[in-house]
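Below is one structure; the comments refer to it alone.
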Amino acid sequence: VILAKDESVRSQGEFLVSNVWVFVKLKLALTNKRLAGEKPNTFLGFIPVGSDKVSYPLSNIAAVHTSTRILPLPLIVGLILLLVGIGQGVEKGWFAMAIGLALVISSYQAQLNVQNSGGGTIKHQIAVWNKGSAQMFAQEINTVIAERS
């Protein structure tokens, strides 16, 4: 993050974007003036094809929180593929089992949500494994917002 005049970094966070693909990361920095960072762009959900720079002035952020959800379609398809792969045996069904397992794991998702003062929400997908650290980071952001008011 390139800092402006009289701007200092208060905290940083680096979060996995996927439960399966551990090399794709969301990087955020909280400064005394804004929340800024780099959000990865992916093709097919896991092939990195660049990134977007993001910057949210603290004066425009109303709140930051995390949420989780389960996507039913990938969960059901993943379970079916797992059962098909198990039915075929390890030697023949390993590919179906691997795809099924990846779908089941990726069906449970977490998000870091940045709500702006206009009521809109910007959602950043993160891995479920990073939800605890994302909650702590969100609390730090909310504390800085409260101190500014």
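The values are calculated or read from the model by the stated rules, or taken from the named source; none is laboratory data. Predicted model, so just to flag it, every value in this text is computed and none were measured. So basically every Cβ, Gly included, is an ideal-geometry build from the backbone, and we count neighbours across all protein chains shown. When the accessible area is computed, the model is the full protein with side chains, heavy atoms only, and any ligands, DNA or RNA have been set aside. Shrake-Rupley method; radii C 1.70, N 1.55, O 1.52, S 1.80 Å.
Taking the stretch 76-109 as the region of interest, how many residues are modelled with pLDDT of 95 or more and in contact with a strand residue (DSSP E or B) (Cβ under 9 Å, 6 or more places away or on another chain)? Looking only at that region, the number is 0. Within the stretch 115-132, being of a type in the set (S, T, N, Q) and within 11 Å of the chain's Cα centre (by Cα) holds for 125, 130.
Taking the residues in the stretch 25-60 that are of a type in the set (S, T, N, Q) and under 15 Å from the mean Cα position of the chain (by Cα) as candidates, determine which candidate is farthest from residue 1 (Cα to Cα).
Let us first name the residues in the stretch 25-60 that are of a type in the set (S, T, N, Q), namely 31-32, 41-42, 51, 55, 59-60.
Filter once more, so that each one left must be under 15 Å from the mean Cα position of the chain (by Cα): 41-42, 51.
Details: 41: 18, 42: 21, 51: 13 Å.
Out of the qualifying residues, it is 42.
So for the stretch 127-145 (the condition being surrounded by fewer than 18 Cβ atoms within 10 Å (Cβ to Cβ), in a strand (DSSP E or B) and touching a Lys or Arg at 6+ places or on another chain (Cβ under 9 Å)), does at least one residue qualify? Taking every residue of the stretch 127-145 in turn, none turns out to be surrounded by fewer than 18 Cβ atoms within 10 Å (Cβ to Cβ), in a strand (DSSP E or B) and touching a Lys or Arg at 6+ places or on another chain (Cβ under 9 Å). Report whether or not residue 67 is small (Gly, Ala, Ser) and within 18 Å of residue 102 (Cα to Cα). The answer is no for residue 67.
Quick one: which strands (runs of 3 or more DSSP E) sit completely within the stretch 4-93 and have at least 2 residues that are free of Cβ contacts under 8 Å to residues at least 12 places away in the same chain and of a type in the set (Lys, Arg)?
none
If you take the residues of the stretch 5-56 that are loosely packed, with under 14 Cβ neighbours inside 10 Å and of a type in the set (A, V, I, L, M, F, W, C), which of them is nearest to residue 109 (Cα to Cα)? Within the stretch 5-56, the match that is nearest to residue 109 (Cα to Cα) is 22.
Any residue that is open to solvent by 30 Å² or more (accessible area, probe 1.4 Å) and in a strand (DSSP E or B) - is there at least one of those in the stretch 98-107? Within the stretch 98-107 (the criterion being open to solvent by 30 Å² or more (accessible area, probe 1.4 Å) and in a strand (DSSP E or B)), the answer is no, since none of the residues qualifies.
For the stretch 27-58, filtering for residues that are of a type in the set (Ser, Thr, Tyr) and either modelled with pLDDT of 95 or more or within 19 Å of residue 139 (Cβ to Cβ) (or both) leaves 2.
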